[in-house]
Amino acid sequence: MKYDIIIIGAGTAGAMTACRATQQGLSVALIDRKLKQNIGNKTCGDALAKYHMDFVKSKVGFDHPKGEELKQKITGLALYPPNKKSKIILHDQEGYVVDRLLFGQRLLNLAIDSGTELFSDYIFKDLIIKEKKIIGVKIKSKKTKESEEIFANVIIDASGANSIIRKKIPYFLQKCTENEISNVDMGYAYRKIINLDNSNQIEDIDLIQIYFDHKLARGGYAWVFPRGQKSINLGIGGMKIMTSDLHEKYNQFFVNFPELNNNTVIHEGGGVIPMRRPMNSFVTDNFAFVGDAAFQVNPLHGGGIGANLEAGIFLADTVIKANENNDFSEQSLWQYNIKYNNKIGCTHAALDIFRLYAYIMPNKVLNAVINRKIITENDVMSAGLTGALEMTAPEKLKKALKGMDIFKYMLKIRTMAKKMGRIKELYQNYPKESKEMPDWIEKINNIYHGLKEPYENIKNIK
Ligand SMILES: Cc1cc2nc3c(=O)[nH]c(=O)nc-3n(C[C@H](O)[C@H](O)[C@H](O)COP(=O)(O)OP(=O)(O)OC[C@H]3O[C@@H](n4cnc5c(N)ncnc54)[C@H](O)[C@@H]3O)c2cc1C
């Protein structure tokens, strides 16, 4: 059987790519190892910014969550330092906490109604390569144990953070893509969804609450995401190499929230998140990555749903154009790199630099920076939305960090802001052709030079 596109993985990224492509008349086979009724379910914080949904609705008609699917409307974020003595509140940050399964099922059904052929309960086994070209995939039915071969002009890896497909791309097609993710860039998070026995236990119900604590959530944070008055999503996450006993850390952190503890746990679990800048290139001949498989996640907070949805649209639009030109080469699919990185990748790249500096600051510095308002609401807003950090007055910084090896941190924060600006510019001026990539990658590598070393030697972190 031959299709225009085969997509492995029917999560948010794969289902959205399928939806857009079939709406525009392409034939799509969507493969997932889960049973149809379980597709979309995922251990997640379930939070999503509204502006992503505005874009998605305008392009494919996938509407904002409502009814049973909408667990909580969000109006902003509260960020807490380790000693919780103050908070930064970011207002006017509209978003949603959703029921992940219902959200995923609605998207999947839209893709199916638009013409996508779903192979649920099928597992990806291998790529089919002929004359140095990827032409199809081998899949196996979990029910019948039978293998099948299906073919397409473009194969898409939307199989998530642990993608096995990227390792299957032969070396001669690994042009500018990456087939590995470093330990420093892999996040791990553990969360519980809890039914609250008494309602009205949640303060600030319309705020996403983020708690920094680099003793317990090393290279990450703990979160409290309300899901209405009756349930809540509580979690903790950080860099995988620094978070061995996350379950225990969860218990230690949430012992301080007794009002949320004596309640019924509906679901608990953990999962990995690629917390890094986007992959150098998402495409090679006849092949593309999307979603977590492409590292399209906000590296600062690990949110990927919104970026994945938008990326799926950019990718489908690029394949539609490639189909018109009957050219599925790397260069023909390259536009997807440019579109994504111009809009989202540039901010994520800057926030990756922010992450590598911020997540190594000791708790006492985080306390000083937040409690003494060294970084203000506006600084965080502009860094989060645009990846640009305009630091507040340096004198304030000097005073706040008094007696704390001050120059070391001042210099670090200034260098960080500069590097954020530089990498953002590089991603905004992403190469027009793959032949410009070696030069671009060298510039990126220069920005990262030495930044990951302290994490690799984790004993240095106090
Ligand atoms: C604990 C945790 C909390 C998070 N919190 C948030 C949050 O609050 N907000 C947010 O925006 N993001 C959050 N994220 C990240 C978000 O969940 C991901 O970015 C997003 O789900 C990725 O979507 P995806 O479609 O790329 O991959 P996935 O959702 O992982 O989908 C991949 C699909 O591929 C299928 N698949 C995999 N391998 C195969 C195979 N070999 N054969 C066939 N099918 C296969 C899987 O069954 C799955 O359906 C969180 C992640 C974790 C782990």
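The values are calculated or read from the model by the stated rules, or taken from the named source; none is laboratory data. Everything numeric in this text was worked out from a predicted model, so none of it was measured. Glycine also receives a Cβ, built like all others from the backbone with ideal geometry; neighbour counts cover every protein chain displayed. For accessibility, only protein heavy atoms count, side chains too; no ligands or nucleic acids. Shrake-Rupley method; radii C 1.70, N 1.55, O 1.52, S 1.80 Å.
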Name the single residue that is most open to solvent (accessible area, probe 1.4 Å) among those in region 426-457 being of a type in the set (D, E) and in contact (Cβ under 8 Å) with a residue 12 or more places away in the chain. E456
Boolean, D213 is in contact (Cβ under 8 Å) with a residue 40 or more places away in the chain, over 17 Å from G95 (Cα atoms) and of a type in the set (D, E): yes
Has region 225-238 got any residue that is modelled with pLDDT under 90, crowded, with 21+ Cβ neighbours inside 10 Å and within 19 Å of the chain's Cα centre (by Cα)? yes
Of the residues that sit in region 138-185 and are among the aliphatic types (A, V, I, L, M) and out of contact with any Asp or Glu (no Cβ under 8 Å at 6 or more places or on another chain), which one is farthest from L451 (Cα to Cα)? I150
Restricting attention to region 108-127, and to residues there that are out of contact with any helix residue (DSSP H, G or I) (no Cβ under 7 Å at 6 or more places or on another chain) and in a helix (DSSP H, G or I), which single residue is surrounded by the fewest Cβ atoms within 10 Å (Cβ to Cβ)? D113
Go through the residues of region 331-347 one by one and say whether even a single one is more than 13 Å from the ligand (Cβ to nearest atom), at pLDDT below 95, under 21 Å from E178 (Cβ atoms) and open to solvent by 10 Å² or more (accessible area, probe 1.4 Å). yes
Which number in (1) within 12 Å of the ligand (Cβ to nearest atom); (2) under 30 Å from V319 (Cα atoms); (3) open to solvent by less than 10 Å² (accessible area, probe 1.4 Å) marks the one condition that T284 misses? (1)
Considering residues of region 161-191 that are among the β-branched types (V, I, T) and buried (at least 17 other Cβ atoms within 10 Å of the Cβ) only, the residue farthest from K249 (Cα to Cα): I169
C44 being in a helix (DSSP H, G or I) and in contact (Cβ under 8 Å) with a residue 24 or more places away in the chain: no
Members of region 19-47 that are open to solvent by less than 10 Å² (accessible area, probe 1.4 Å), within 11 Å of the ligand (Cβ to nearest atom) and of a type in the set (A, V, I, L, M): L30, I31, I39
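Yes or no, residue by residue, for (1) farther than 27 Å from V97 by Cα; (2) among the polar types (S, T, N, Q):
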residue	(1), (2)
G306	no, no
A322	yes, no
N326	yes, yes
E330	yes, no
K339	yes, no
L351	no, no
I370	no, no
Residues to consider are K84, K73, K50; find the one that is basic (K, R) and either in the same structural domain as A111 (by TED's automatic domain parsing) or within 11 Å of the ligand (Cβ to nearest atom) (or both). K50
When you go through (1) surrounded by fewer than 21 Cβ atoms within 10 Å (Cβ to Cβ); (2) part of a strand (DSSP E or B) one by one for Q105, which number turns out not to apply? (2)
Quick check on region 57-65. Is at least one of its residues in contact (Cβ under 8 Å) with a residue 12 or more places away in the chain, closer than 17 Å to L101 by Cβ and more than 8 Å from the ligand (Cβ to nearest atom)? yes
Restricting to strands (runs of 3 or more DSSP E) lying wholly in region 128-201: which have 3 or more residues that are at pLDDT 95 or above, on the phi < 0 side of the Ramachandran plot and more than 11 Å from the ligand (Cβ to nearest atom)? 133-141, 147-157
Are there any pairs, at least 6 apart or on different chains, whose C-beta atoms fall under 8 Å, with the first in region 267-286 and touching a residue at least 60 places away in the same chain (Cβ under 8 Å) and the second among the basic types (K, R) and within 10 Å of the ligand (Cβ to nearest atom), and if so, which? E268/R191; G269/R191; G270/R191; G271/K42
For region 247-264, does any single residue satisfy the condition of being touching a residue at least 60 places away in the same chain (Cβ under 8 Å) and near the ligand (Cβ under 10 Å from one of its atoms)? no
Kindly provide the set of residues from region 239-281 that are crowded, with 16+ Cβ neighbours inside 10 Å and among the aromatic types (F, W, Y), ordered by number. Y250, F253, F254
Do you know which residues across region 71-90 are touching an Asp or Glu at 6+ places or on another chain (Cβ under 8 Å) and open to solvent by 30 Å² or more (accessible area, probe 1.4 Å)? K71, K73, T75, I89
If I filter region 120-130 for residues that are closer than 24 Å to K2 by Cβ and touching a Phe, Trp or Tyr at 6+ places or on another chain (Cβ under 9 Å), do I get at least one hit? yes
With the structure loaded, tell me whether N256 is among the polar types (S, T, N, Q) and farther than 19 Å from N195 by Cβ or whether it fails that test. yes
